[in-house]
Amino acid sequence: MNAYITAAGAYLPGDPVGNDEIAARLGGVDERGDRLRRRVLAANGIAKRHYAIDAQGRTTELNEELAAAALRAALDDRDAGPADLDMLATATTQGDLLVPGFASMVHGRLGGGPMQLLSAAGVCASGLAALDAAVAKVRLGDRRRAAVVGSELSSRWLRATRFNGGADPDAHFLRWMLSDGAGAVLVEPRPRPDRPSLRVDWVRTVSLAHEHEVCMRAGMGETLAAGRTWQDLGSAAAAEQAGLMLLRQDTSALADLAECGLREFRSLADQGLIDLGRLDHVLCHYSTNAFRDIVFKRLAESGADIDTGRWFSNLETRGNTGAASIFIALEECWRTGRFEPGQTVLLAVPESGRFSFGFAHLTCVEPEAAETVSAAPIPAAVPVRPAAEGNVFARLDQVWEDFERRLDAVPVMARLADGTATIEDYQRLLFNLRQQVADGARWISRAASNFSVEHFELRSAAIGHASEEHRDFMMIERDYAAVGGSVEDIRAGRKNIGSEALSAYMFHTASQPDPIGLLGAMFIIEGLGTGKAAGWAARFKSLLGLRDDQVSFLAYHGEADDDHFAKLQAILASPVVDDAAADAIVTTAKVVARLYALQLEELDHV
């Protein structure tokens, strides 16, 4: 039995971002970092890319949402729906969560019925590994329609807050290289009847990790050993401070990667699987035009007849989207009618992680008049986002912009920005934050107890969040003692006027039936963590010469609140947020933003 690609879809978040806009989107750079940026961009040839982060550096969509959007586009191309699938194979470098697997999260986001799942791990070549699995199951007759998606949300790793302590060129190389997006294809046992399909002749993946050290990495330092990975440092914040959470690329190994890829290519040719002279299209994923130039040069030196017009890449306009890149390129060719029946297509994907390679050979075939593969009813189209979501997100963005302006005017924040903040400023910040933070888990727990069974998921989320937050004030106490304060004094401290008002409002709101408006409070508080805390920690540390153990509270929330904020965004995107809920959420966000700023303003009045 054969397997055919019968549809393709892609999703690229937000508007294209040009080279002159990258630094503003990801965060400012110093002079050395800007030199690296110009050098990397000149070499890679990328002119535009897409990010799932807004102008404030906040993540706007989950990786699973990017994947689901690309899958919906592919299903729409086939006039099918999620219920018509019986297998989903996903590929990504890093999902939104550590557990469960990415495929489970995408399936939950996409919907449909029971289906087989596969989460292919790796980097760029994992996309073809996922395709290989889907093709194998369809050929065996075990599955009648499989979906394959590659998706990446790299921008979380690229924001300026991760580089505040400085970073080596290998880290900056990827910062200006990677971007976000998703691409998907459908695989079926017969061609579609209304347009040409792509027969999958073969898929091959190979690892050369036995011959090569790690080239692209995150989670380890210069060497790998038991007790020295990111999971062994006691906390994610400690791993972040140690620089283990930066994506790094050993750029000196890229020439060797190209040579190894060409060796694998020649091996396939020797086996009779590839005839370069008879290939009509070559879609090769590469991270930089410099890599492409090496390939062209080596092929020419080997005597191969190279027609560069047959090679297609949209790197310059779509950016390097890792595991998604090959499918995003394939979707553009598919959508624009680049392939004609009888033509052959080679997909080639090198992966620098620890030297892996993926190849696939396709043949474009005529439409086949046949009965549809799926007998399942196709559900009515469902909008990707609930009608209320765009409204609530736009309104919350305006609240955040106003909040940021107020924060910038707060005296202690202004001193921190201009470099005149003192150790006394930092001590007062910790002293006053502790009094309000100590109440956090209490009002979250009260809110959980007031959610009805109709909002059981919100109750569960609140309980889980309270358990994560209930010891946060102890972290502040340790930081305060580490910078010369007294634990007894901070525990005996009283809230300032702003803290009193903020806590009173939170407890009052949490005491109402189904207090869904508190999502607006979480938007402000978790937004501070994901958007501000890490930067404040790095600034205080640099300005005052502080150690990691003296800024642990701010550093921890700069890391942990990324996940909290992503979960919040998923809730805000859910049907539970109707127009009335959106009004309550935005109103609460406005009040909390005003009171939080007042709390910080009062630092200069105590």
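The values are calculated or read from the model by the stated rules, or taken from the named source; none is laboratory data. Fair warning: this is a prediction, and the values are worked out from it, not measured in the lab. Please note: Cβ atoms are built from the backbone with ideal geometry, for glycine as well, and neighbour counts cover all protein chains shown. Only protein heavy atoms, including side chains, enter the accessible area calculation; ligands, DNA and RNA are left aside. Shrake-Rupley method; radii C 1.70, N 1.55, O 1.52, S 1.80 Å.
Figures for the structure shown
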| item | result |
| --- | --- |
| Condition met for Ala381 (modelled with pLDDT of 75 or more and hydrophobic (A, V, I, L, M, F, W, C)) | no |
| Test: Val123 is assigned to a strand (DSSP E or B), in contact with a strand residue (DSSP E or B) (Cβ under 8 Å, 6 or more places away or on another chain) and open to solvent by less than 50 Å² (accessible area, probe 1.4 Å) | no |
| Evaluation of Thr93 against (1) over 15 Å from the mean Cα position of the chain (by Cα); (2) among the polar types (S, T, N, Q); (3) closer than 22 Å to Met216 by Cβ (one fails), failing number | (1) |
| Pair list, Cβ under 6 Å, 6 or more apart: segment 206-219 residue over 27 Å from Arg156 (Cβ atoms) and touching a residue at least 12 places away in the same chain (Cβ under 8 Å), other residue among the hydrophobic types (A, V, I, L, M, F, W, C) and open to solvent by 60 Å² or more (accessible area, probe 1.4 Å) | none |
| Residue match in segment 198-216 (condition: open to solvent by less than 20 Å² (accessible area, probe 1.4 Å), over 30 Å from Gly9 (Cα atoms) and of a type outside the set (Asp, Glu)) | yes |
| Of residues in segment 21-56 being acidic (Asp, Glu) and at pLDDT 85 or above, the one farthest from the chain's Cα centre (by Cα) | Glu21 |
| Index of the failed condition, Gly342 passing every other in (1) assigned to a loop (DSSP other than H, G, I, E, B); (2) surrounded by 13 or more Cβ atoms within 10 Å (Cβ to Cβ) | (2) |
| Residue that is surrounded by the fewest Cβ atoms within 10 Å (Cβ to Cβ), among those in segment 99-113 that are in contact with an Asp or Glu (Cβ under 9 Å, 6 or more places away or on another chain) and within 25 Å of Ser356 (Cβ to Cβ) | Met105 |
| Residues (part of a loop (DSSP other than H, G, I, E, B) and either under 22 Å from Leu158 (Cβ atoms) or open to solvent by less than 20 Å² (accessible area, probe 1.4 Å) (or both)) located in segment 517-545 | Gly517 |
| Any hit, segment 8-19, residues being open to solvent by 10 Å² or more (accessible area, probe 1.4 Å), in contact (Cβ under 8 Å) with a residue 40 or more places away in the chain and hydroxyl-bearing (Ser, Thr, Tyr) | yes |
| Residue check for Asp132: among the charged types (D, E, K, R), open to solvent by 50 Å² or more (accessible area, probe 1.4 Å) and over 15 Å from the mean Cα position of the chain (by Cα) | yes |
| Residue among Ser151, Ser104 that alone is in a helix (DSSP H, G or I) and within 30 Å of Tyr556 (Cα to Cα) | Ser104 |
| Top-ranked residue in segment 67-78 [being touching a Ser or Thr at 6+ places or on another chain (Cβ under 9 Å) and not aliphatic (A, V, I, L, M); ranked as most open to solvent (accessible area, probe 1.4 Å)] | Asp77 |
| Scan of segment 44-66 for residues that are part of a helix (DSSP H, G or I) and either touching a strand residue (DSSP E or B) at 6+ places or on another chain (Cβ under 6 Å) or surrounded by fewer than 18 Cβ atoms within 10 Å (Cβ to Cβ) (or both), ordered by number | Asn63, Leu66 |
| Filtered residues of segment 457-478 (kept if at pLDDT below 85, of a type in the set (Lys, Arg) and open to solvent by 80 Å² or more (accessible area, probe 1.4 Å)) | Arg471 |
